[in-house]
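None of the figures in this text is laboratory data; all of them are computed from the coordinates on show. Just so it is clear, the structure is predicted and the values come from calculations on it, not from any experiment. Reconstructed Cβ throughout: ideal geometry from the backbone, glycine too, with neighbour counts over all protein chains shown.
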Amino acid sequence: MNQYLLSIYQPDGVIPEPEVLDPILRDLQALNEEMQSAGVWVFAAGLHPPETATMLKAQGDEVLITDGPFTEGKEHLGGFTVIQVEDLDAALHWARRLAKVLRNLSVEVRPFQS
């Protein structure tokens, strides 16, 4: 079995109103429960906004610490799910389901190194 990271990218900006967000969160919870029942779900989490991030980078003997994301963009990593499945086809099956639940958000599928 292989583990895959399903990364969820969301646009920067205002969080959608409850009437938009609540049905998505309900559908996401249902999908997480389905993945758990299927035995593929390992771990999932949402992340705080990018402005809560702290970046560290070694420069010689010093470590530079800065606030916020390392790169500027119009989207950021908003959350993720780790699944354990047989192969990429199985990972893509669950990623398609996740993308449908999340409507217009992008989902990246990436395998963990062995």
* **Exposed-site-free run, longest, the chain (rule: chymotrypsin sites (Phe, Trp or Tyr not before Pro); DSSP loop; at most 14 other C-beta within 10 Å)** => 1-69
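Does the chain come out rounded, prolate or oblate, given a ≥ b ≥ c as the square roots of the eigenvalues of its C-alpha gyration tensor, rounded meaning a/c under 1.5 and, failing that, prolate meaning a/b above b/c? Don't jump to the answer; show the numbers that get you there.
Details: a/c = 2.52, a/b = 1.32, b/c = 1.91.
Oblate shape, in that a/c is at least 1.5 and b/c is the bigger or equal ratio.
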* To do: For n ≥ 4 DSSP H runs only, could you compute -39500 (n - 2.57) per run for the chain, divide by its residues and tell me the 222 nm figure to the nearest 500?
  => -10500 deg cm²/dmol
* Asked: When 15, 83 are ordered from fewest to most other Cβ atoms inside 10 Å of their Cβ, what list results?
  -> 15, 83
* Within 10 Å of each residue's Cβ, count the other Cβ atoms and sort 37, 106, 114 from fewest upward. => 114, 37, 106
* Asked: Tilt of helix 88-101 relative to the longest C-alpha principal axis of the chain, in degrees (0 to 90, nearest 10)?
  -> 90 degrees
* Given springs between every Cα pair under 10 Å in a Gaussian network model of the chain, which of 101, 63, 85 has the largest fluctuation? -> 63
* Which longest uninterrupted range of the chain lacks any GluC sites (Glu not before Pro) assigned by DSSP to a loop state (not H, G, I, E or B) and surrounded by at most 14 other Cβ atoms within 10 Å? -> 1-71
* **Point-charge dipole on Cβ atoms (K/R +1, D/E -1) for the chain, about Cα centre, debye to 20** => 300 debye
